[in-house]
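Below is one structure; the comments refer to it alone.
None of the figures in this text is laboratory data; all of them are computed from the coordinates on show. What you are looking at is a predicted structure, and each value in this text was computed from that prediction instead of being measured. Don't worry about glycine lacking a Cβ; one is built from the backbone with ideal geometry, like all the others, and counts go over all protein chains shown.
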Amino acid sequence: MIFYGSNARRINHGKISNVICPDCGTSTYFNYSVFGKYAHIYWIPLFPVGKKIIVECGHCKKTFEKKELPKEITQKIIPVEKDSKAPVWQYSGLFVIACIIASIIYAGKVSDRKELEYLQAPAIGDVYSYESSEDNHYSTMKVVNILDDSITVSYNTYEIDKKYSTDQIDKEENYEDFQEKFSLNDIKELYSKEIIYEIKDTK
Ligand SMILES: [Zn+2]
């Protein structure tokens, strides 16, 4: 179960002078409080969702919401409510989410860069995940020999239908004797076409 909803916190307060109370008729001042509503999930504030201003007569202490007040007074309190900015902490959940997304993107970039390094300098034992010619089938090939500008790979005899689960079939006994030689340029091209889409080194 996900706990979410909204909460309110007082974000501003002060006095408005020269008003006539609609209840007691006294020419007096009003105390005001502005409440900032915010959405939360598991009590972590996500973002502000609105504001509410409450005023209290300085003389009779009666409290009013905006809609209960005459136009002369609402004209004075609307700008006050507008100027009451939601505090930054009301966005903390969004900030956390943004950080999580940024770190996922960063991790993806780091792993892309690593894969390019592996392509540039292949090592025996590197495992390439590739999309098989059959739709939605994936398998692996393992580097078994390296010459100056070419590599020899051994094919996995198994295929799997989950793109990022090739780990499950990457077992020593699954690699067959059938081998194929590729130039490094061919391998780079397969990678740029995303036929080879994942490279793991076993070092
Ligand atoms: Zn009053």
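Of all alpha-carbon pairs in region 122-200, indicate the percentage at a distance above 18 angstrom.
34 percent
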Contact order normalised by residue count of the chain, Cα under 8 Å, 6+ apart, percent: 14 percent
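Restricting everything to alpha-carbon atoms, can you work out Rg to Rh for the chain with a Kirkwood hydrodynamic radius?
Dividing the radius of gyration by the Kirkwood radius yields 1.44.
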Unpartnered cysteines - no second Cys beta carbon under 4.7 Å - across the chain: CYS99
Backbone HN-Hα couplings from phi across region 79-94 [Karplus 6.51/-1.76/1.60, Hz, Gly and Pro as x]: x, 5, 5, 4, 6, 7, 7, 5, x, 4, 4, 5, 9, 4, x, 4
Per-pair calculated FRET efficiency, R0 = 30 Å: ASP112 and TYR42 via Cβ, rounded to 0.05: 0.35
Bins of 10 Å, starting at 0 and running to the largest distance - Cα pair percent for region 78-169: 13, 26, 24, 13, 9, 8, 6, 1
GLU159-GLU172 pseudo-label distance in nm [points 7 Å out on the Cα-to-Cβ vector]: 2.7 nm
HN-Hα J in Hz across region 40-45 - Karplus 6.51, -1.76, 1.60, θ = phi - 60°, x for Gly and Pro: 9, 10, 6, 6, 8, x
Tail beyond 19 Å, pair distance distribution of region 4-95 (Cα, percent): 43 percent
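Please rank SER27, SER92, fewest neighbouring Cβ atoms within 10 Å first, as an exposure proxy.
SER27, SER92
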Long-range amide H partners of HIS40 with built H, under 5 Å: GLY5, SER6, ASN7, LEU46
For region 24-33, 3J(HN,Hα) per residue [Karplus equation, 6.51 cos²θ - 1.76 cosθ + 1.60, θ = phi - 60°, Hz, x = Gly/Pro]: 9, x, 7, 7, 8, 10, 10, 7, 10, 10
